[in-house]
1. I'd like the full set of residues that are more than 11 Å from the chain's Cα centre (by Cα), open to solvent by 20 Å² or more (accessible area, probe 1.4 Å), charged (D, E, K, R) and within 13 Å of chain A (Cβ to nearest Cβ), limited to segment B:87-141.
2. Which residue is farthest from A:Asp133 (Cα to Cα), if the candidates are limited to segment A:19-56 and must be in contact with a Gly (Cβ under 7 Å, 6 or more places away or on another chain) and not aliphatic (A, V, I, L, M)?
3. Every residue in segment A:21-42 that is touching a Ser or Thr at 6+ places or on another chain (Cβ under 8 Å) and either among the β-branched types (Val, Ile, Thr) or surrounded by 18 or more Cβ atoms within 10 Å (Cβ to Cβ) (or both), please.
4. Return yes or no: is A:Arg53 open to solvent by 50 Å² or more (accessible area, probe 1.4 Å), within 14 Å of chain B (Cβ to nearest Cβ) and touching a helix residue (DSSP H, G or I) at 6+ places or on another chain (Cβ under 9 Å)?
5. Those residues that are open to solvent by 50 Å² or more (accessible area, probe 1.4 Å) and in a strand (DSSP E or B), I need them from segment A:58-79; list them, please.
6. Quick test of your reading of the structure: A:Glu146 fulfils all but one of (1) in contact (Cβ under 8 Å) with a residue 40 or more places away in the chain; (2) touching a strand residue (DSSP E or B) at 6+ places or on another chain (Cβ under 8 Å). Name the failing condition by number.
There are 2 protein chains.
Amino acid sequence: MDRITETVIEADPRLPVIRMSRDFAATAEQLFRAHTDPELFARWVGPDTMTTRIEHWDASTGGSWRYASVRGDTEYRFRGCFHDVRPDRIVQTFTFEGEPDGVALETLWFEDLGDGRTRLRTQSLVDSFEGRDAWLRSGMEVGVNEGYAKLERMIVDGAV
Amino acid sequence: MDRITETVIEADPRLPVIRMSRDFAATAEQLFRAHTDPELFARWVGPDTMTTRIEHWDASTGGSWRYASVRGDTEYRFRGCFHDVRPDRIVQTFTFEGEPDGVALETLWFEDLGDGRTRLRTQSLVDSFEGRDAWLRSGMEVGVNEGYAKLERMIVDGAV
């Protein structure tokens, strides 16, 4: 567990953007697989208190996705389309179906750091600072950090 | 031709966004069809000097699109995915393949003004002011206005 580090989460002062960065003891190929293979993705994404049920998944350029985060009788659904799926970069849209008019454009980069380590960088772009800041205040870092901690354990266990 | 008006094109001072607005003597259903039916769309989009060849088109939520703008031996390709296709709103991504790392998140609204008139509003969101401003300086308003003028003539002719 010594590899676990906090995710760097930053709000851009000039743009309605949230950026995150976290280094993993994994190759870019492993991180790409963890973000595109639905069974792997469902095992790590989100907070520890929720499970993920994939409802649709086509992680290819021009494809789309939908999943539910489930805790008991409570379900939150999310969906989007994959604009671009490349080994070093994924661009996708993201909507929480409880707020169907809100859309984020998300970009993920997998940057090879050498020695089997890779930096995951993400950017979420929305069309208002108010929406961006409300999301930052929502406690989203709990799900982000718990999710990435699960992913790190899967890497250590050889599951990815 | 008395219905033809210039498109209002505005750069947001706080956000890397371009907004456009134009009123049409058409219903929201007609404008929706003109943006989702590939044969209709190919007839009006772009400047008068180019023709459009649709290469892929699935204008449904989670679908995707790709087309080429052609003038003689010159071709420019564009592509994206449809995040959301509703009668009153389309959300899609947009990339010019000559600059494959650039992505815009585009939203189109069809607002019924009554009396068979509809306001088309669009918003293009990118992740830098520099990219937004370069696009504004590119002469894009020529293709926008010539394209919408073609669409207005199709409406007058009963083609939509």
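1. Once the filter is applied, which keeps residues that are more than 11 Å from the chain's Cα centre (by Cα), open to solvent by 20 Å² or more (accessible area, probe 1.4 Å), charged (D, E, K, R) and within 13 Å of chain A (Cβ to nearest Cβ), segment B:87-141 yields B:Asp88, B:Glu97, B:Glu99, B:Asp101, B:Asp127, B:Glu130.
2. It comes out as A:Thr27.
3. Within segment A:21-42, A:Arg22, A:Phe24, A:Ala26, A:Thr27, A:Ala28, A:Gln30, A:Leu31, A:Phe41 meet the criteria.
4. It is false that A:Arg53 is open to solvent by 50 Å² or more (accessible area, probe 1.4 Å), within 14 Å of chain B (Cβ to nearest Cβ) and touching a helix residue (DSSP H, G or I) at 6+ places or on another chain (Cβ under 9 Å).
5. A:Arg66, A:Arg71, A:Thr74, A:Glu75, A:Tyr76, A:Arg77
6. The failed condition is (2).
The values are calculated or read from the model by the stated rules, or taken from the named source; none is laboratory data. Please read all numbers here as calculations on a predicted model, not as lab measurements. Note that each Cβ is placed from the backbone with ideal geometry, even for glycine, and that neighbours are counted across all protein chains shown. Accessible surface areas use protein heavy atoms only, side chains included; no ligands, DNA or RNA. Shrake-Rupley method; radii C 1.70, N 1.55, O 1.52, S 1.80 Å.
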